[in-house]
Amino acid sequence: MDYGFDSKQTHALVVYGYPLDGLTYAQCVDLAKAVHALGGQLVAAPNGDLTESGTPNATTPDETTCFTFLVGALAAEMSVRSRQGAKGKATKLGAEETARAEAEFERAQAKLDALLAEKGVTPAKAPGLFVLAAGPLASATLEGKEGTMIERIDADGEREELGSELTVSYDADPDAVQVHLQGTFKLSARYD
């Protein structure tokens, strides 16, 4: 799946994996193809827009992204057509889905580490669970019922309790948002 590269789709993703910063468009394309070739639930996606309307794009292959690119295992995904105000249905995300993604990542970690080393790419930090908005004008929203909790984990590992809702936006959150989740949530995508 060309998450973040297809101008007709906007995606909300939750991925257990490595955040990669400072990649060029060409590196993102190369990694996306290589990760896709590994198969399974492994994905590579930007927390931003790599379509022809995004920056960078195919006409600027050596330009560095200002947003994080994620490589890991997919826990949940929702998408909508790229039309003003489009909001899709929601999908469930809970302990079972996140545990499955973490286990998939751990099974593939040696292959991913070898792939990143081959490409000369170093993760920005240790693997974790990330929420990202991929594609044009993307927003990703996690919503839980009363009693659920989202903790946002910053670059220093400090946790901030956010309550039961989090929205990650293509323009407000260039760094992929790492989270710890307690409870079951609905993940939805929106094109703004």
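The values are calculated or read from the model by the stated rules, or taken from the named source; none is laboratory data. Small disclaimer: the values here were computed from a predicted structure and weren't measured. Glycine gets a Cβ as well: all are built from the backbone with ideal geometry, and neighbour counts include every protein chain shown. For the accessible areas, the whole protein counts, side chains as well, though only heavy atoms, and no ligand, DNA or RNA atoms are used. Shrake-Rupley method; radii C 1.70, N 1.55, O 1.52, S 1.80 Å.
Structural remarks
- Cβ separations smaller than 6 Å between residues 6+ apart or across chains give the following pairs from region 136-156 residues that are in contact (Cβ under 8 Å) with a residue 40 or more places away in the chain and more than 30 Å from Pro56 (Cβ to Cβ) to residues that are open to solvent by 20 Å² or more (accessible area, probe 1.4 Å) and small (Gly, Ala, Ser): Gly144/Ser164; Gly144/Gly183.
- Inter-residue pairs, beta-carbon under 7 Å, first closer than 21 Å to Asp192 by Cβ and in region 65-92, second acidic (Asp, Glu) and open to solvent by 50 Å² or more (accessible area, probe 1.4 Å), 6+ apart: Thr68/Asp21; Thr68/Asp175
- Options Val121, Val177: the member that is closer than 24 Å to Ser7 by Cα and either touching a residue at least 24 places away in the same chain (Cβ under 8 Å) or hydrophobic (A, V, I, L, M, F, W, C) (or both): Val177
- Residues in region 130-172 that are small (Gly, Ala, Ser), surrounded by fewer than 13 Cβ atoms within 10 Å (Cβ to Cβ) and assigned to a loop (DSSP other than H, G, I, E, B): Gly147, Ala155, Gly157, Ala172.
- Of all the numbered requirements in (1) assigned to a strand (DSSP E or B); (2) open to solvent by 50 Å² or more (accessible area, probe 1.4 Å); (3) of a type outside the set (Lys, Arg), Ala126 misses one, and that requirement is (1).
- Residues being open to solvent by less than 50 Å² (accessible area, probe 1.4 Å) and part of a loop (DSSP other than H, G, I, E, B) - total across region 62-105: 8
- Residue satisfying all of: in region 14-34; touching a Gly at 6+ places or on another chain (Cβ under 9 Å) and in contact (Cβ under 8 Å) with a residue 60 or more places away in the chain; most open to solvent (accessible area, probe 1.4 Å) among these: Gln27
- Verdict on Ala114 being open to solvent by 40 Å² or more (accessible area, probe 1.4 Å) and assigned to a loop (DSSP other than H, G, I, E, B): no
- Matching residues in region 11-61 - criterion: being part of a strand (DSSP E or B) and out of contact with any Ser or Thr (no Cβ under 8 Å at 6 or more places or on another chain): Leu13, Val15, Gly17, Tyr18, Leu42, Val43, Ala44, Ala45
- Looking only at residues in region 45-61 that are of a type in the set (A, V, I, L, M) and open to solvent by less than 50 Å² (accessible area, probe 1.4 Å), the one that is nearest to the chain's Cα centre (by Cα) is Ala45.
- Whether a residue is out of contact with any Gly (no Cβ under 8 Å at 6 or more places or on another chain) and not β-branched (Val, Ile, Thr) was assessed, and Gly39 passes this test.
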